[in-house]
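S.K.: Dropping a structure here in structure tokens format, bear with me for questions.
What follows draws every value from the coordinates through simple rules; no lab data is involved. Worth saying up front: this structure is predicted, and the values here are computed from it rather than measured. When we count neighbours, we look across all protein chains shown, and the Cβ atoms used for this are built from the backbone with ideal geometry, even at glycine.
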Amino acid sequence: MKVRTYAKLPGRFTVEDFKKISFDVVALTDRLQAVEDWAKLVAAHIYLDHVLTQTLRDTIPDIDGYLGGGHKTFADKLALCRAHGLVDEDFASTLRAINKARNQFAHRLDFDVTDELKVQLFSPFSPMRDKGDVLEEEGFGNFLFTVIMLLEFERIYGFKVRSLEKEAQLLREQIFEALADSYGLKR
């Protein structure tokens, strides 16, 4: 059995990290608790689309030119995030499955999220957990909440990585200057 691995998150997030959450977490939890399962799926999809868009805006200069140039689908945004290494492939497969399930509801009058669909979405995402977890009273909402928050924390983790990369570049430049000065090399 393949065990899913994600980018290692720091041992804890700071208060400043939590301030970077790009949506109201309380509103999200209210939406995922107070509605039927089909509406939870639609609401989760909206939040996931938002986080993908924010991830692209945080990472790619002038992305709004691309995003504003006609309708970009969830799949388009996810593919672009994947192309830039912003979303892990295993996690992307969960996002694609949620997108596919949501699209099925967008084009049918059948709004029932079956237990089979819940297990289909949950099992690849969390293969070590009991499949029955997603079928519990709040299981499906908790699963969707977890997916959204993981994507959001991956976005926030990107800030930390970019900051460390900038710090490393500055350190390399300072080391080069020190070496150049010590050997009398022109800069």
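S.K.: To the nearest 500 deg cm²/dmol, what mean residue ellipticity at 222 nm is calculated for the chain from DSSP H runs of n ≥ 4 alone, each contributing -39,500 (n - 2.57), summed and divided by the residues?
M.R.: Mean residue ellipticity, 222 nm, calculated: -22000 deg cm²/dmol.
S.K.: Continuing with the same structure: Once every Cα of region 41-127 carries one equal point scatterer and solvent is ignored, give the base-10 log of I(q)/I(0) from the Debye formula at q = 0.12, 0.23, 0.24, 0.26 Å⁻¹, two decimals.
M.R.: So the normalised log intensities are -0.40, -1.17, -1.23, -1.35.
S.K.: For A75, what is the net charge nearby, where nearby means another residue's Cβ is under 15 Å from its Cβ and Lys, Arg count +1, Asp, Glu -1?
M.R.: Within the 15 Å Cβ shell, the charges total +3.
S.K.: Could you list log10 I(q)/I(0) for the chain at q = 0.12, 0.13, 0.18 Å⁻¹, which the Debye formula gives when each Cα is one point scatterer?
M.R.: -0.66, -0.75, -1.29
S.K.: Let me ask something additional. Using a Gaussian network for the chain with springs between C-alpha atoms less than 10 Å apart, which of these wobbles most: V51, V161, V87?
M.R.: V161
S.K.: Here's a follow-up. Could you work out which residue, out of D30, D90, D58, moves most in a Gaussian network model of the chain, that is, has the largest mean-square fluctuation with Cα springs under 10 Å?
M.R.: Largest GNM mean-square fluctuation: D30.
S.K.: Want the number for T114 to T73: 0.36 nm per residue separation, take away the alpha-carbon distance, what's left?
M.R.: Working: separation 41, 0.36 × 41 = 14.76 nm, distance 2.52 nm.
The span from T114 to T73 would gain 12.2 nm if fully extended.
S.K.: What pairs in K100/K160; K40/K72; K40/K160; K40/K77 have C-alpha atoms more than 29 Å from each other?
M.R.: On the way: K100/K160 31 Å; K40/K72 22 Å; K40/K160 31 Å; K40/K77 21 Å.
Table pairs above 29 Å Cα-Cα are K100/K160; K40/K160.
S.K.: So if I place +1 on the C-beta of Lys and Arg and -1 on the C-beta of Asp and Glu, and nothing else carries charge, what would the dipole magnitude of region 23-162 be about its Cα centre? I want it in debye, nearest 20. Numbers along the way, then the final one.
M.R.: Values: 16 positive and 23 negative charges, 112 e Å.
I would put it at about 540 debye.
S.K.: Label 7 Å along Cα→Cβ of E136; region 40-63 residues with amide nitrogen under 20 Å?
M.R.: Backbone N within reach: 40-41.
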